[in-house]
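Undergrad: So that we are looking at the same thing, I have put the structure below in structure tokens.
Here, each number is a calculation from the coordinates, and none is a lab measurement. Note that the coordinates shown come from a computational prediction; the quantities given were computed from them, not determined experimentally. Using ideal geometry, Cβ is built from the backbone for each residue, glycine included, and neighbour counts are taken over all protein chains shown.
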Protein chains: 4
Amino acid sequence: MTARFLKVRKKTEKICTPLLVEDYSVQPSDFASPPKWHLAHTTWFWEEFLLTKYNPDYTVYHPDFSYLFNSYYNTVGKRIQRPSRGFMTRPSVEAVYAYRTYVTAAVELFMKNDLNQEILDIIEIGINHEEQHQELLVYDIKYLLGTQATFPGYGNHFLPASEKQEVGFVKIAAGIYEIGHTGSSFCFDNELGRHKVYVDDFEISNTLVTNAEYLQFIQDDGYRNFNYWHDEGWAWVNENEIEAPLYWHKIDNEWQVYDLNGLQKIAADLPVMHLNYYEAFAYAQWKGMRLPTEFEWEIASSQLSWGKVWEWTNSAYLAYPNFNKASGALGEYNGKFMVNQMVLRGASAATPENHSRNTYRNFFHPVMRWQFSGLRLVK
Amino acid sequence: MTARFLKVRKKTEKICTPLLVEDYSVQPSDFASPPKWHLAHTTWFWEEFLLTKYNPDYTVYHPDFSYLFNSYYNTVGKRIQRPSRGFMTRPSVEAVYAYRTYVTAAVELFMKNDLNQEILDIIEIGINHEEQHQELLVYDIKYLLGTQATFPGYGNHFLPASEKQEVGFVKIAAGIYEIGHTGSSFCFDNELGRHKVYVDDFEISNTLVTNAEYLQFIQDDGYRNFNYWHDEGWAWVNENEIEAPLYWHKIDNEWQVYDLNGLQKIAADLPVMHLNYYEAFAYAQWKGMRLPTEFEWEIASSQLSWGKVWEWTNSAYLAYPNFNKASGALGEYNGKFMVNQMVLRGASAATPENHSRNTYRNFFHPVMRWQFSGLRLVK
Amino acid sequence: MTARFLKVRKKTEKICTPLLVEDYSVQPSDFASPPKWHLAHTTWFWEEFLLTKYNPDYTVYHPDFSYLFNSYYNTVGKRIQRPSRGFMTRPSVEAVYAYRTYVTAAVELFMKNDLNQEILDIIEIGINHEEQHQELLVYDIKYLLGTQATFPGYGNHFLPASEKQEVGFVKIAAGIYEIGHTGSSFCFDNELGRHKVYVDDFEISNTLVTNAEYLQFIQDDGYRNFNYWHDEGWAWVNENEIEAPLYWHKIDNEWQVYDLNGLQKIAADLPVMHLNYYEAFAYAQWKGMRLPTEFEWEIASSQLSWGKVWEWTNSAYLAYPNFNKASGALGEYNGKFMVNQMVLRGASAATPENHSRNTYRNFFHPVMRWQFSGLRLVK
Amino acid sequence: MTARFLKVRKKTEKICTPLLVEDYSVQPSDFASPPKWHLAHTTWFWEEFLLTKYNPDYTVYHPDFSYLFNSYYNTVGKRIQRPSRGFMTRPSVEAVYAYRTYVTAAVELFMKNDLNQEILDIIEIGINHEEQHQELLVYDIKYLLGTQATFPGYGNHFLPASEKQEVGFVKIAAGIYEIGHTGSSFCFDNELGRHKVYVDDFEISNTLVTNAEYLQFIQDDGYRNFNYWHDEGWAWVNENEIEAPLYWHKIDNEWQVYDLNGLQKIAADLPVMHLNYYEAFAYAQWKGMRLPTEFEWEIASSQLSWGKVWEWTNSAYLAYPNFNKASGALGEYNGKFMVNQMVLRGASAATPENHSRNTYRNFFHPVMRWQFSGLRLVK
């Protein structure tokens, strides 16, 4: 487990390697966090929930850091307001790396002890928590660089694999299925409460919708026809004059996309990415099909090739029947977000290895699209 | 059917009888509409979808009214922005009543013809549409009067019946149940697509949560403990300094409530009303129970006494599996709101007679609480 | 004085005669007040500053009205927030007229006593205060009706007289002049503190800028050339997509204007109205001239024909050298607005008779243009 | 002149020496600009107005920089919106320094030519422009560091000298005085148009108001008494819950101030700083005195010791009688800000040497207080 821990810690830093010091502190939107904040927050998590709690010999690195790098854990005290994260130029990037080094070493040392299950569980959560932030880090870095006037390159595309196979539909028979995580491996609390659901017959596409397919929707004036849109989606399109997915730019009458290495031509075979729920839903309406529910997706998943982009489902993010909030700050982890968000299933090119499974429930507000999100159709 | 039509038209006007002319045009919040607007909009609906379309002899009452009193039907042309509805002092209240009289007479005359099923369906929708607005009209009037500094009376409490029976729980066995409207009577499109769902065993309260019970939650600092709240609910509580349901006022250290006839003492046995979803959810958390899903509610409904207040469920408002949007403007009716809202089941003291059934799906944004909404617990 | 008092009270009501009851309560913008509010507020003023203070026998009409109809007098207690004025449907219009009748009668009765100078001064201020509101009432009524989709008529144009004479310039010699009110007649506190100013030679136009002249500015793309504009004016033009004065509408490629009796063709010879300071300044820049200072205006005034529209000056609204705030609530009257506003001189067709003099200092924020404001050039 | 030029360029960079790379790119408020932006913008100024225009051999350093680092010169093309300046992590700090080096060298080389007066004038403006930004740079750095949770030090206090002399008043006799710049030395366009003004007798304090004096105002509940405040000032105090000047923090019931080297005790004898116009005005009201006009200040200046902090005057920032806007982009320089701002006279500890004179007209919106601003009284 120590090896896994150290690997995760190193990976987070590796994602930041291509950044300039300037890139670390800036927050170009309320929904994004500065890379420095991710580096520090994932470190604070270890300090707060593992070291401070279970290691009586541990000395907190800096008394202010809990205040500065807590995210949303109300149990742990006053947190800094999200939109202000981008004004924190101090502590410096160097100081935050020193903080990481200090805490990583302290955890490594602490893990040499004979640890009970409660502690091992915290470590497992800590690893998974940091992996989650690794993916957010990629989103935030892409947003940061992709909104610079100069479209600077990053050195890694994080591109999904192409969707080259023939479009076909997998048929699933009606019946009662079991949903939710099973077995003893790690999962988040929101996947627990395995339970039965009844689903009708359905057919689900074996491929993700591609750029080429989505371009047809654009060219057919999909963004100009309210029939395909939710009322709130239509308002969003009009208020923001949306004409294409995030990072698409029409230059000299041709669509280009910022893909972490600068502007590129649209690659026809790649799964379309950076759609929000409104767009995914509108596309499906235009196509005369629909999005799967998260249950349909999970049931069919073993027969699908998935993992290229997160897939919007038509399920709202709600508690499974027997969901129980853990007590204390870790119990705040997922449950409190179970309103106004939609579930995405699958994984993306930015998802850490081993951090995906077919019961994983990702979730975002319907309007969000800086995450690596696309869609798959059901008929 | 003509009798039903005329009765509905009269009922809408009767709801407005206690109002002063001054009350008709004002819009105290973006979510509310002026009474005059309801009167005109429900009239415009008949004119636009019935008379203009199917009666070649019909002369439109006024060319501007379609623009002024359309609500959200994008198919029908430019609508006036919602927040501006409250600045429309012209046409006058008298002119709007004249408009009603003209259209009511035209519909009545038209109904003397031998009408085909398509037309009869439109009339049925028109009646139900106007009934829906009757309930909104009560909400809006209560909000309008209840936010006046002088708490004027209206002459009708629209109070729910008391909840005097013993608290008990109805047990429902696990299994597959059918959900959705059946039979040939009228329902809205969102109730169609009857389909099977599997539910686990559950026990649902035979009573609604009362004012007395809710007061305990307040007195136990329920509004000050984030553990009970969604993250967004907690933000709402704090930004708005919420301490109680809408219309509750603490005066000389005692809670009073505005109930359409002025300020009153809290009646212990009445179902608590004017909660939003965040509050209903928080109360259930505090109680160590949960809200029912809309499926559980529908399955148990025949064994419950319901209809006093709308009951928040823990189901997001989404399409049933085989939901099909009707084509044209009437197809816009419900489907486009299927995001970011939660389902309420039941009915309230403001629901028109005959306008409730156990498959009815009401829906509001989680933050809304000017509607007559309470809750029932499940364990 | 009783006759003057009664005449003023009657005049306020007469301005409202053409209104429907619906028009009285609505507030279409934060800067406008509902007519009912003006009726009540000017009444409250008499009650608060005269009757309550000096008549021990007086019984306050209604205990809530002080809270509801105070405007900005912090000394007198909590005031209702300005933007909420438009939601007050109660007290009714009828009730407010009854309030007026009650207070008018009480003042009339009280004036039969032998009154000392202090009281006479309050009455004088009350009359002038109500006259000021009469002009605001016209502005607010015009805004209310002029922003209705149907452009209803009011029955009185309040049009300025035409500007038919030849354009010429009045020459004023450099020197020291005295500025400010003199003599024993009434004036507001901001006109006092008569003092000397030195002005250079200047030439001031004997005419106001007309619609025909202003149209040339529009046609010469004056609204599209930032060189004529203040930085903040330019931002205002662009954010609001301004192309013409308030109430101008381009219909079938021709400019029309709402003038209180519906849409009309632009009358070439009328002084241009409903400009804000940014527009007046930009016009002068385009013309290669400038606006007068308020001192230049006052010095030249005896040689000008003025009173058709308020004239923007290039003077900020600041205290005269020896300005002294009166003590108490009446002392709040003008002084506290002496920042961020520009002075207008003259009078308009909506100014009550006898309520204008060449020392009168009107003032508005540079962005405002619902008042009857135009300009005169200096070179 | 080359020496002056090089000195100014070096000085700008020296101000930034204590910064971390992280500090350069962040914009903690719309009114502040990131240090990197100042470095680049002052460089762009030389490139745009000198090199590109007058040196045919010059090669623009980077085609995007004009777009990125223009500030408000509409003549020169699309500018980046102010609030977005803080998201520009690219070009890097290093790249911006390289840009500076390139342009500085190019200007130095160009200055070896025999330059005509027009070009020499541009250079003079460029030097003064960069000096102005040096002062803004200090304000912005102070704001950036002073709003960090950790109050980091900078290494230079930029503290004003103490105000230790006896309070006394300088008497000035009434009469006509000449105002505005005279002679052939450099001044900004807004100081030109030397003209006569008449002023009455007045007495002006020979000292600035000190921290100790201002503390009395606080302790006398000056921030809680609306009588001292403008209406807009009072709203500002209440909406923002203001209790003291910017950078003052009440810690353990004692006022401390952030002074660029961390939190310090309040020094009684230092001139009070970081007041906005509302506060300066309110203090004077409380004291029963007033602020000087900018004319009074200029007339008395030779008898005052000034230069410690900028002094709010009671004059609005408006054009002098014969003000003429220069043509082209440099003509945009000052004139377009002549509305809604108040004049400050004097200089501060952050003002570059040789960049102050008694005709200098500084100006800020009444609400601003991150500049080094205090006050002096007149009676």
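Undergrad: Distance between the C-alpha centers of the stretch B:128-192 and the stretch D:203-230? Whole Å please.
TA: 59 Å
Undergrad: Once you keep just the Cα pairs under 8 angstrom separated by 6 or more residues, what percentage relative contact order results for the stretch A:2-146?
TA: Values: 139 pairs, mean separation 55.7, N = 145.
The normalised contact order for the stretch A:2-146 reaches 38 percent.
Undergrad: Same structure again: Going by C-beta contacts inside 10 Å, put D:249, A:38 in order with the fewest on the left.
TA: D:249, A:38
Undergrad: OK, next. Taking every residue in C:18-29, how many Cβ atoms of other protein chains lie within 10 Å of its Cβ, on average?
TA: Whole-number average of other-chain Cβ neighbours for C:18-29 is 6.
Undergrad: Assuming R0 = 35 Å, what is the FRET efficiency of residue A:176 and residue A:354, from their Cβ-Cβ distance, to the nearest 0.05? Don't jump to the answer; show the numbers that get you there.
TA: Numbers: r = 31 Å, r/R0 = 0.87.
Efficiency computed from Cβ-Cβ geometry: 0.70.
Undergrad: Sorted by mean Cβ packing within 10 Å, highest first, what order do the peptides B:308-319, B:283-294, C:187-198 take? Could you put the intermediate results ahead of the total?
TA: Values: B:308-319: 24.7, B:283-294: 20.4, C:187-198: 18.2.
Peptide ranking by packing, descending: B:308-319, B:283-294, C:187-198.
Undergrad: For an R0 of 60 angstrom, estimate the FRET efficiency from the Cβ-Cβ distance between residue B:10 and residue A:136 and round to the nearest 0.05.
TA: Working from the Cβ atoms, E equals 0.55.
Undergrad: Need one number: the % of Cα-Cα pairs in the protein assembly as shown sitting beyond the 66 Å mark. Numbers along the way, then the final one.
TA: On the way: 191787 of 1148370 pairs.
The answer is 17 percent, as a whole percent.
Undergrad: Further question on the same structure: At a Förster distance of 25 Å, what's the computed FRET efficiency of residue A:253 paired with residue C:254, Cβ-Cβ distance as r, to 0.05?
TA: 0.10
Undergrad: Which Cα, out of C:344, C:222, C:115, lies furthest along the positive dipole direction of chain C (beta carbon charges, K/R +1, D/E -1)?
TA: C:115
Undergrad: Per residue of A:360-368, what is the mean number of Cβ atoms on other protein chains within 10 angstrom of that residue's Cβ? Mind showing how you got there, number by number?
TA: Values: counts 0, 0, 0, 0, 0, 2, 2, 2, 0.
Taking all residues of A:360-368 together, the mean is 1.
Undergrad: Follow-up. Name the long-range amide H neighbours of residue C:264: under 5 Å, sequence gap of 5 or more, or other chain; modelled H, no Pro or chain starts.
TA: Long-range HN contacts for residue C:264: C:257, C:258, C:259.
Undergrad: Can you list residues whose amide H is under 5 Å from residue C:362's amide H, if they're 5+ apart or on another chain and H is modeled 1.01 Å from N?
TA: C:344
Undergrad: With labels modelled as points extended 7 Å from the Cα through the Cβ direction, what inter-label distance (nm, one decimal) is found for residue B:240 paired with residue A:322?
TA: It works out to 3.6 nm between the two label points.
Undergrad: Moving on to the next point. Can you quote the Å³ per residue value for the convex hull of the Cα atoms in chain C, rounded to an integer? Let's see the in-between values first.
TA: Numbers: hull volume 54.4 nm³, N = 379.
In chain C, the Cα convex hull volume per residue is 144 Å³.
Undergrad: Let me confirm one metric for peptide A:225-232, namely the mean number of other chain beta-carbon atoms within 10 Å of its residues' beta-carbons.
TA: 5
Undergrad: Return the calculated 222 nm mean residue ellipticity for chain D, to the nearest 500 deg cm²/dmol, obtained by summing -39500 (n - 2.57) across DSSP H runs with n ≥ 4 and dividing by the residue count.
TA: Calculated mean residue ellipticity at 222 nm is -9500 deg cm²/dmol.
Undergrad: Taking the Cα centre of the protein assembly as shown as origin and charging only Cβ (+1 Lys, Arg; -1 Asp, Glu), how large is the dipole, in debye to the nearest 20? Spell out each step's value before the answer.
TA: On the way: 136 positive and 180 negative charges, 0 e Å.
So the magnitude is around 0 debye.
Undergrad: At a threshold of 8 angstrom on Cα-Cα distance, excluding pairs fewer than six apart, so keeping six or more, what relative contact order does chain D reach in percent?
TA: Relative contact order here is 18 percent.
Undergrad: A follow-up question, please. What value does the stretch D:248-379 have for Rg/Rh, both radii from Cα atoms and Rh as Kirkwood defines it?
TA: So for the stretch D:248-379, dividing Rg by the Kirkwood Rh gives 1.01.
Undergrad: Which one of A:230, A:181, A:133 has the biggest mean-square fluctuation once chain A is modelled by GNM with Cα springs under 10 Å?
TA: Answer for the Gaussian network model of chain A: A:230.
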